[in-house]
Amino acid sequence: MKKAELAKRQALISHCLELNESGLNRGTSGNISIRHDDGFLISPTSTSYRSLTPEMVSFVHLDGTWTGPIEPSSEWRFHRDIYRAKCETNAIVHAHPDFCTILAIHGKEIPAIHYMIAIFGGPAIRVAPYAIFGSQALSDHVVAALRDRQGCLLDHHGAIAIGTTIEQAFWRAEELETLARQYHGALLLGDPPLLSDRQVQEVIDKMSGYGLSRKEEL
Ligand code: 13P
């Protein structure tokens, strides 16, 4: 295995471990992928992140065929379809974070309650309608919910964040859960006032060089 591929496999595993250590996810829920060659590396299905070694990470070609000692994540379809739809995306984090999932259960998209929504590319985080996990129907809903966006919620399921790097996708996954927690809290005090589309666009422009943000990504 080439050094660069090994580094991607190691980065994938370390971010899977961080996903659970950060409290964003539990058990074998969630999955992470990184674009590679003519496909992507992805966490194997229903396997404890703590037991993962680089060789256990699956590789899925964009045509859906795969190699590896264990089947790829059951959600390989939406990972594949996001990579097909968004050529700038190189990493995808899917998890079941509590506040994202609470809002998604109610079918509530996240509106512009905080300026950090700008890092997702627009004034609202959409909710992909429910379809059973692993299905093509779910993947179709996810790709539509991610149009011009870098994250979405999944009805009765969880959340997805994407990025040009695994670090950026993971950063967005954490920020998405923060936005969801803030929106949940703000709703307890009534209908929260929102930033206007113009105010969100101003932040998108201002953040083009900030931290893990990249103008070409937004
Ligand atoms: P996998 O273990 O197959 O990745 O499934 C976890 C999950 O979260 C499905 O949505």
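Starting from 0 in steps of 10 Å, tell me what percent of the Cα-Cα pairs of segment 153-205 lands in each bin.
20, 38, 38, 4
Considering only Cα-Cα distances, which of the following residue pairs are longer than 31 Å: K86/K108; K3/K206; K86/K206? The partial results should precede the final answer.
Details: K86/K108 25 Å; K3/K206 37 Å; K86/K206 23 Å.
Long pairs (Cα-Cα over 31 Å): K3/K206.
Report, in debye and to the nearest 20, how large the dipole of segment 25-135 comes out about its Cα centre when Lys and Arg carry +1 and Asp and Glu carry -1 on their Cβ.
On the way: 9 positive and 10 negative charges, 61 e Å.
The dipole of segment 25-135 has a size of about 300 debye.
Sticking with the crude label model, points 7 Å out along Cα→Cβ, report the distance from I105 to Y130 in nm, one decimal please.
If labels sit at I105 and Y130, their model points lie 1.1 nm apart.
Could you tell me which of V142, G190, H156 has its Cα farthest along the dipole of segment 137-218 towards the positive end, charges placed at Cβ (Lys, Arg +1; Asp, Glu -1), taken about the Cα centre?
Result: G190.
For segment 99-218, give the percent of accessible area contributed by carbon and sulfur heavy atoms, probe 1.4 Å, rounded to a whole number.
Whole-percent figure for carbon plus sulfur exposure: 57.
What ³J(HN,Hα) values, in whole Hz, does the Karplus curve 6.51 cos²θ - 1.76 cosθ + 1.60 give for segment 187-203 when θ = phi - 60°, with x put for Gly and Pro?
Couplings: 5, 5, 9, x, 6, x, x, 10, 6, 7, 4, 5, 5, 5, 4, 4, 5 Hz.
Using the charge dipole of segment 1-154 (Lys, Arg: +1 at Cβ; Asp, Glu: -1 at Cβ; taken about the Cα centre), state which of I117, S33, A128 has its Cα farthest towards the positive end.
About the Cα centre, the residue reaching furthest to the positive side is I117.
Karplus couplings for segment 68-74 from phi (6.51 cos²θ - 1.76 cosθ + 1.60, θ = phi - 60°), rounded to Hz, Gly and Pro as x?
Couplings: x, x, 10, 4, x, 2, 4 Hz.
May I ask you to give the solvent-accessible area per residue for the chain, in square angstrom, as obtained with a 1.4 angstrom probe? It would help to have the intermediate numbers written out before the result.
Details: 10000 Å² over 218 residues.
For the chain, the solvent-accessible area averages 46 Å² per residue.
Run the Debye formula on the Cα coordinates of the chain, all scatterers equal and no solvent, and tell me log10 I(q)/I(0) at q = 0.11, 0.13 1/Å.
-0.49, -0.68
Quote the FRET efficiency, to the nearest 0.05, computed for S208 versus A85 with a Förster distance R0 of 25 Å and r equal to the Cβ-Cβ distance. It would help to have the intermediate numbers written out before the result.
On the way: r = 23 Å, r/R0 = 0.91.
After rounding to 0.05, the efficiency reads 0.65.
Using a 7 Å offset from the Cα along the Cα-to-Cβ direction at both A4 and R147, what is the distance between the two label points in nm, to one decimal?
With each label point 7 Å from Cα toward Cβ, the separation is 3.4 nm.
List the residues, sorted by chain then number, that are 5 or more residues from S22 or on another chain and whose placed amide H is less than 5 Å from its amide H.
Sorted by chain and number, the residues that satisfy this come to none at all.
How large is the dipole of segment 61-218 about the Cα centre if only Lys and Arg carry +1 and Asp and Glu carry -1, each at its Cβ, rounded to the nearest 20 debye?
On the way: 14 positive and 20 negative charges, 32 e Å.
The dipole of segment 61-218 has a size of about 160 debye.
The values are calculated or read from the model by the stated rules, or taken from the named source; none is laboratory data. These numbers were taken from a predicted model, which means no experiment stands behind them. Methodologically, a virtual Cβ is constructed for each residue, glycine included, from the backbone with ideal geometry; neighbour enumeration extends over all protein chains shown. In case anyone asks, the SASA skips ligands and DNA or RNA and just uses the protein heavy atoms, side chains included. Shrake-Rupley method; radii C 1.70, N 1.55, O 1.52, S 1.80 Å.
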